[in-house]
Amino acid sequence: MRALAHRNFQIYFAGQGISTLGKWVQQVALAWLAYHLTGSAVLLGLITFLSLIPQLLIGPLAGAWIDRHDKRRLLIIVQSILVGQSAVLALATWCEWVDGPFIAGMALLLGLLNALETPLRQALIGSFVDEPADLPNALVLNAMLINAARFVGPPLAGGLIALAGEAACFALTAIGFTALLAGLLKVRGGDSPRASGSTAQVFREGLAYLWHTASVRQLLINVVLVNLLASCYAALLPILAKAVFAGDARILGWLWGAAGAGAFVATVVLAVGGALHRLGRFTVAGALLCAVSLVGLCLANVLPLALAALAILGFGITLSNVSTNMQLQSEAPGPLRGRVVAFYIALRFGFEALGGMIAGVLAAQFGAPATLGVAGALLLLALGTACVARYKAALRG
């Protein structure tokens with residue numbers, strides 16, 4: 001917990017905790033609202049796609065742009081717009097103005113804002129700790145906070161939907177975003193180093209670093225595989241809750257919360273044993289657990305088994321993704337950190353968006369369990385192929 005010794009990180013940590021809790025409440029409420037109104041698996045996949053695809057399309061360019069500017073000031077502006085977006089969503093839902101196209105439009109707006117907010121926030125963490133050696137601990141504590149909210153937020157959303165409706169969830173999210181905004185206004189940390197040159201030049205410089213650094217390139221390939229094939233489960237949870245387990249929003253909250261519990265445990269493991277020399281093994285182990293748990297979720301015919309499979313799946317995804325992020329940020333030069341984070345986030349969420357969209361289309365035709373089983377089998381095949389390729393390369397060397 002040593003990163004919490006830094007005052008600026010303490011302030012950020014408190015505001016981010018409340019904000020992330022609100023973000024998960026909004027995500028569950030938006031998915032349930034869409035499925036409740038339309039019953040469409042395709043719309044669920046579309047919402048996931050629209051809320052995440054901007055990360056892939058504009059995230060890398062956003063990283064080059066934010067490396068040239070004052071990151072804290074930009075994040076304050078983006079966070080203010082996020083507060084307004086949640087407030088509008090709450091008002092529209094309370095007034096019953098929402099339909100499928102409106103929900104899709106709000107998901108797209110959220111995706112565009114997150115394409116700026118996420119790399120800005122991640123790249124700023126380094127400026128909230130005074131000792132560079134404390135950066136990995138700050139990153140894993142940030143991930144722990146996110147996944148604790150992921151554990152608490154969905155069940156909270158499920159209960160709040162049943163008690164007061166989706167509009168209350170969106171209003172709570174607006175309050176949560178305001179907490180992080182207040183924290184950002186209070187911190188007085190020095191901004192991280194800025195890159196010089198045009199945005200295009202800065203972008204090309206970052207791309208060259210990622211492509212020509214073999215260890216970084218391998219990490220990013222793993223990010224693509226895990227999030228395309230494993231993270232797609234999130235788009236299908238409302239279908240599992242309603243069609244497979246004959247439940248309501250509370251069951252959806254438990255399903256999402258089970259994955260969040262596993263993810264939180266993964267961050268604890270990384271906080272305790274996440275020394276840099278171990279992170280590569282954590283990345284591979286997490287991907288393998290994802291593949292096995294997807295197959296298990298496909299075969300689970302009762303709710304307790306599904307909850308166990310989702311806990312393992314959440315553990316594997318987080319173990320792989322967070323260990324990758326820790327390696328990337330620890331190795332990246334300071335002026336390049338915003339671009340490295342942006343590329344990582346673009347691949348992390350962009351391929352989750354593609355996976356969610358594909359999973360929604362396939363689930364409409366073949367059902368959610370079969371779709372999850374195919375994803376798990378493909379991930380196992382990809383990991384096996386990668387292991388064989390590395391073994392052959394080692395023999396040649």
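Derivation of every value follows stated rules applied to the coordinates shown; laboratory data play no part. Because the structure is a prediction, the values reported are computed rather than measured. All Cβ positions, even for glycine, are placed from backbone atoms using ideal geometry, and neighbour counts span all protein chains on display.
What to note about this one:
- Fewest-first ordering of Thr20, Thr173, Thr213 by other beta carbons within 10 Å of each residue's beta carbon gives Thr213, Thr20, Thr173.
- Put in line by how crowded their Cβ is, counting other Cβ atoms within 10 Å and starting with the fewest, Cys290, Cys95, Cys298, Cys232 read Cys95, Cys298, Cys232, Cys290.
- Within a straight-line Cα-Cα reach of under 16 Å, Lys71 can be paired with the following lysines, leaving aside sequence neighbours fewer than 8 residues apart in one chain: Lys186.
- Using only side-chain charges placed at the Cβ, +1 for Lys and Arg and -1 for Asp and Glu, the dipole size of the chain relative to its Cα centre rounds to 880 debye.
- Distance between modelled label sites at Leu91 and Leu378, nm, 7 Å Cα→Cβ extension: 4.1
- Relative contact order %, the chain, counting alpha carbon pairs below 8 Å whose residues are six or more apart: 29
- The stretch 361-385 and the stretch 274-291 have their alpha-carbon centroids 22 Å apart.
- Net length gained if the chain between Gln10 and Ala200 were fully extended (0.36 nm per residue, minus Cα distance): 64.9 nm
- Each stretch of four or more DSSP H residues adds -39500 (n - 2.57); spread over every residue of the chain, this sum gives -29000 deg cm²/dmol at 222 nm.
- Cα centroid separation, the stretch 344-359 to the stretch 1-66 (Å): 13
- Per-residue 3J(HN,Hα) values for the stretch 232-239, derived from phi via the Karplus relation 6.51 cos²θ - 1.76 cosθ + 1.60 with θ = phi - 60°, read 5, 4, 4, 5, 9, 4, x, 5 Hz in sequence order (x marks Gly and Pro).
- Net length available on complete extension from Gln218 to Arg73 is 48.9 nm, with 0.36 nm assigned per residue and the Cα-Cα distance removed.
- For the options Ala261, Ala300, Ala346, a Gaussian network treatment of the chain with springs between C-alpha atoms closer than 10 Å singles out Ala300 as fluctuating the most.
- Under the Karplus curve 6.51 cos²θ - 1.76 cosθ + 1.60, θ = phi - 60°, whole-Hz ³J(HN,Hα) for the stretch 202-217, x wherever Gly or Pro sits: 5, 4, 5, 5, x, 5, 5, 4, 5, 6, 8, 9, 4, 5, 5, 4
- Residue-wise HN-Hα coupling along the stretch 14-25, computed from phi with Karplus coefficients 6.51, -1.76, 1.60 (Hz; x: Gly, Pro): 5, x, 5, x, 5, 4, 5, 4, x, 5, 5, 4
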